[in-house]
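To start, the structure itself, in structure tokens.
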Amino acid sequence: MAFALFPFVLSVANASSVSTPAPERPADADRVQILVVGDSLSAEYGIRRNTGWVELMRKQLAMETGKPLKIINASISGDTTSGGLSRIKPLLDKHHPEIVIIELGANDALRGLSLDLTRNNLKKMIELAQASGAKAVLAGMQIPPNYGPVYSKAFKDLYPEVASATGAALIPFFLAGLETNRDMFIEDGIHPAEVAQPIIMKNVLEVVSPLIQN
């Protein structure tokens, strides 16, 4: 289960001189514009299919651009940054996205994983996305203060730190706007409900919309 918040709302060169040409990228008509690599916060956990923020974003961007956009939602409930790092290269090789949204890290905190591990995994994911020619977007996360003020602040701060170090675009707080409203969550008090999905989409589009190539 992924971690959200209530009450506050997270070639090797050989001896020969022959070089191998870089693989050709697909034509624009066949290219995936956006790849989302996340956890249950992006995988429609606990809500009806096609009501999550990714699908809402697809519809909104299609309306804004006047054409359908190809968006791949490769989010998996319970995923960590280590899981995301292990999955992202094959996804990039298969889909050749223009933009990669990385929404991971909350489950790392739930499992008490090291902040350095989370930081390094996110950085490597962003660097792989950028090396593929994609623009990377990192979704900022936060954790409740009961984890301790030092850990909570360090976790919150690692997202802008990684974004600054890599040049990735940053969504300051993925769940901004859901902080104090229990009605924004399903029964578990952890995962955003359908009513919260447009708010999450707005948080994402404030950063992603300027990156879309018409």
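Which number in (1) over 21 Å from Ala169 (Cα atoms); (2) touching a strand residue (DSSP E or B) at 6+ places or on another chain (Cβ under 8 Å); (3) surrounded by fewer than 17 Cβ atoms within 10 Å (Cβ to Cβ) marks the one condition that Asp79 misses?
Among (1) over 21 Å from Ala169 (Cα atoms); (2) touching a strand residue (DSSP E or B) at 6+ places or on another chain (Cβ under 8 Å); (3) surrounded by fewer than 17 Cβ atoms within 10 Å (Cβ to Cβ), the lone unmet condition for Asp79 is (3).
Could you say whether any residue in region 54-70 is at pLDDT below 95, within 30 Å of Asp183 (Cβ to Cβ) and not in a helix (DSSP H, G or I)?
Scanning region 54-70, I find no residue that is at pLDDT below 95, within 30 Å of Asp183 (Cβ to Cβ) and not in a helix (DSSP H, G or I), so the answer is no.
Can you tell me which residue in region 173-196 is surrounded by the most Cβ atoms within 10 Å (Cβ to Cβ), limited to those that are under 22 Å from Val207 (Cβ atoms) and of a type in the set (Phe, Trp, Tyr)?
Phe174
From the list Glu127, Glu161, Glu194, exactly one residue is charged (D, E, K, R) and closer than 20 Å to Ser77 by Cα. Which is it? Full working, then the answer.
Numbers: Glu127 fails: closer than 20 Å to Ser77 by Cα; Glu161 fails: closer than 20 Å to Ser77 by Cα.
Only one candidate qualifies: Glu194.
Scan region 162-172 for residues that are part of a helix (DSSP H, G or I), exposed (fewer than 15 other Cβ atoms within 10 Å of the Cβ) and either in contact with a strand residue (DSSP E or B) (Cβ under 9 Å, 6 or more places away or on another chain) or acidic (Asp, Glu) (or both) and report the count.
1
The values are calculated or read from the model by the stated rules, or taken from the named source; none is laboratory data. On a predicted model such as this, the values are computed, not experimentally measured, just so you know. Ideal geometry is used to build each Cβ from the backbone, glycine not excepted, and the neighbour counts take in all protein chains shown.
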